[in-house]
1. Is it true that Lys80 is in a strand (DSSP E or B), of a type outside the set (Gly, Ala, Ser) and open to solvent by 90 Å² or more (accessible area, probe 1.4 Å)?
2. Would the range 24-32 turn up any residue that is more than 24 Å from Leu74 (Cβ to Cβ), open to solvent by less than 50 Å² (accessible area, probe 1.4 Å) and within 21 Å of the chain's Cα centre (by Cα)?
3. I'd like the residue in the range 53-77 that is in a strand (DSSP E or B) and within 10 Å of the chain's Cα centre (by Cα) and, out of all such residues, is farthest from Asp103 (Cα to Cα).
4. State whether the residues of the range 65-75 include one that is in contact with a Lys or Arg (Cβ under 7 Å, 6 or more places away or on another chain) and polar (S, T, N, Q).
Amino acid sequence: MKEIVCIICPNSCRLQVETEPELKVSGAKCKRGVEFAVQEIFDPRRSLTTTVKTIFPDYPVLSVRSSGDISKELIFPVMKEIRGFVLKRAVRIGEVVISNILDTGVDIIAT
């Protein structure tokens, strides 16, 4: 059994998750907690915030974030891709900086 804390709503339910012999989630006060537990066990995802390098001396880095959640196993490969990227044009907040990074369906956008 694995215990996780749900972060979907302010209840912060302590969820107990059993995967053997079948999937069972207990401790959730709402169905979103059950969905979170299943996602966290089988395909944990995280949002990403970081910076990208630019060619502008006055602004050598730009803060960015992912437009959606990225599979936890892809965080380091995505960060490697971002580290190798240099922004060569002016952008506005919310504008896509890197489109569909590593074919994840997630964009990296200016913040």
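The values are calculated or read from the model by the stated rules, or taken from the named source; none is laboratory data. Here the structure is a predicted model, which is why all the values come from computation and not from measurement. Using ideal geometry, Cβ is built from the backbone for each residue, glycine included, and neighbour counts are taken over all protein chains shown. These accessible areas exclude ligands, DNA and RNA; they are computed on the full protein's heavy atoms, side chains included. Shrake-Rupley method; radii C 1.70, N 1.55, O 1.52, S 1.80 Å.
1. no
2. no
3. In the first step, residues of the range 53-77 are kept if they are in a strand (DSSP E or B); the result is 53-56, 59-66, 70-71.
Of the ones still in play, those that are also within 10 Å of the chain's Cα centre (by Cα) are 65-66, 70-71.
Details: Arg65: 16, Ser66: 13, Ile70: 11, Ser71: 12 Å.
Only one residue tops the list, namely Arg65.
4. First, pick out the residues of the range 65-75 that are in contact with a Lys or Arg (Cβ under 7 Å, 6 or more places away or on another chain): 69-72, 75.
Those still in the list that are polar (S, T, N, Q) too: 71.
The answer is yes; a qualifying residue exists.
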